[in-house]
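**Q** The structure follows.
The values are calculated or read from the model by the stated rules, or taken from the named source; none is laboratory data. The shown structure was predicted, so the numbers you read here are calculated from the model rather than taken from an experiment. Positions of Cβ are generated from backbone atoms using ideal geometry, with glycine treated the same way; all protein chains shown enter the neighbour counts. Note: areas computed on protein heavy atoms with side chains; ligands, DNA, RNA excluded. Shrake-Rupley method; radii C 1.70, N 1.55, O 1.52, S 1.80 Å.
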Amino acid sequence: MRRLGIGLQLYTLRDETAEDFRGTLRKVAELGYEGVEFAGYGDIPADEMKALLDELGLKAISSHVPLQAMRTDLHKEMDYLRTLGAEYMICPYLAPEERPQGDGWRELFSFLQEVGAEARKHGLILGYHNHDFEFQDHVGGRTAFDALFEETSPESVQTELDVCWVQYAGHDPIAYINNYAGRLPLLHLKDFNTDEQGQLITLELGKGIVDLPAVIDTAAHAGVKWLIVEQDSCQIPPLQSVRNSLDWLKHNYLDQF
């Protein structure tokens with residue numbers, strides 16, 4: 001099996017980075033993560049962030065850039081990412097007021113196609129990170145998720161598949177990884193269960209209902225480059241949670257290499 005890079009989505013540590021961004025990055029590196037995906041930069045200038053990452057031996061994989069920032073500050077966002085040496089810029093989430101209905105999705109598809117084409121000119125790749133609502137809305141008889149990738153080009157829009165949200169939406173993450181092989185460089189590795197009301201509870205890796213070994217094996221054959229650990233909410237201190245998830249990866253994946 002091809003070895004994939006192991007990264008951390010820093011949204012998991014949002015409270016820690018808000019208090020001490022630099023110190024939190026140091027702790028992430030000490031745990032053994034190889035790269036990070038940003039969700040904000042703590043007002044740290046790009047050149048300082050790059051120097052810190054280089055010092056710590058952390059790769060800037062990508063950043064979650066809000067849709068509104070892409071509309072108003074696209075080149076500023078791209079300049080920051082290019083300074084970091086990151087390869088990917090990700091549209092992370094559509095707030096309820098940003099979500100189209102029906103054929104209104106096509107306007108968003110066109111915008112993402114344009115952003116992706118512009119990003120490519122600057123050496124970056126645009127990706128889209130899913131939740132569950134993209135599988136609930138439909139466009140022309142297809143889920144909004146599938147329609148997005150049918151109506152944009154692979155050169156302009158790639159997917160950052162979140163297997164937790166795919167499964168929570170009632171779909172098979174293995175099938176989706178296979179369906180988007182070659183267009184799926186980043187994969188959010190996330191585990192979950194549901195409460196008595198059916199609400200999502202994100203968990204440390206190995207403590208939920210996602211078939212993580214199958215996900216990793218399929219991802220390795222689908223061209224995925226990075227597995228990115230994320231936990232939306234933690235039941236214990238988040239730094240301990242991300243340590244536990246990395247330990248699970250070491251014992252169930254990394255130890256074979």
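**Q** Name the one entry in Leu239, Leu205, Leu246, Leu186 that is surrounded by 22 or more Cβ atoms within 10 Å (Cβ to Cβ), farther than 17 Å from Arg2 by Cα and of a type outside the set (Val, Ile, Thr).
**A** Of Leu239, Leu205, Leu246, Leu186, the one residue that is surrounded by 22 or more Cβ atoms within 10 Å (Cβ to Cβ), farther than 17 Å from Arg2 by Cα and of a type outside the set (Val, Ile, Thr) is Leu205.
**Q** Just give me the residues in the stretch 207-229 being part of a loop (DSSP other than H, G, I, E, B) and over 17 Å from Val36 (Cα atoms), in sequence order.
**A** Lys207, Gly208, Ile209, Val210, Asp211, Ala222, Gly223
**Q** Pairs needed: first member in the stretch 129-153, more than 21 Å from Glu114 (Cβ to Cβ) and part of a helix (DSSP H, G or I); second member anywhere, open to solvent by 10 Å² or more (accessible area, probe 1.4 Å) and among the basic types (Lys, Arg); C-beta distance under 7 Å; at least 6 residues apart or different chains.
**A** Phe133/Arg99
**Q** Might you let me know whether the stretch 36-49 holds any residue that is touching a Pro at 6+ places or on another chain (Cβ under 9 Å) and open to solvent by 10 Å² or more (accessible area, probe 1.4 Å)?
**A** Yes; the residues of the stretch 36-49 include at least one that is touching a Pro at 6+ places or on another chain (Cβ under 9 Å) and open to solvent by 10 Å² or more (accessible area, probe 1.4 Å).
**Q** Can you name every residue in the stretch 189-206 that is assigned to a loop (DSSP other than H, G, I, E, B) and touching a Phe, Trp or Tyr at 6+ places or on another chain (Cβ under 6 Å)?
**A** Scanning the stretch 189-206 gives Leu205, Gly206.
**Q** Please determine whether any residue of the stretch 115-132 is open to solvent by less than 10 Å² (accessible area, probe 1.4 Å) and touching a Phe, Trp or Tyr at 6+ places or on another chain (Cβ under 6 Å).
**A** Within the stretch 115-132 (the criterion being open to solvent by less than 10 Å² (accessible area, probe 1.4 Å) and touching a Phe, Trp or Tyr at 6+ places or on another chain (Cβ under 6 Å)), the answer is yes, since at least one residue qualifies.
**Q** For the stretch 127-136, does any single residue satisfy the condition of being more than 18 Å from the chain's Cα centre (by Cα) and not small (Gly, Ala, Ser)?
**A** Yes, because at least one residue in the stretch 127-136 is more than 18 Å from the chain's Cα centre (by Cα) and not small (Gly, Ala, Ser).
**Q** Before we move on, is Asp191 of a type in the set (Asp, Glu) and crowded, with 19+ Cβ neighbours inside 10 Å?
**A** Yes: the conditions hold for Asp191.
**Q** Same structure, new question: Of (1) open to solvent by 30 Å² or more (accessible area, probe 1.4 Å); (2) out of contact with any Phe, Trp or Tyr (no Cβ under 9 Å at 6 or more places or on another chain), Met78 satisfies all except one. Which?
**A** Just one mismatch for Met78, condition (1).
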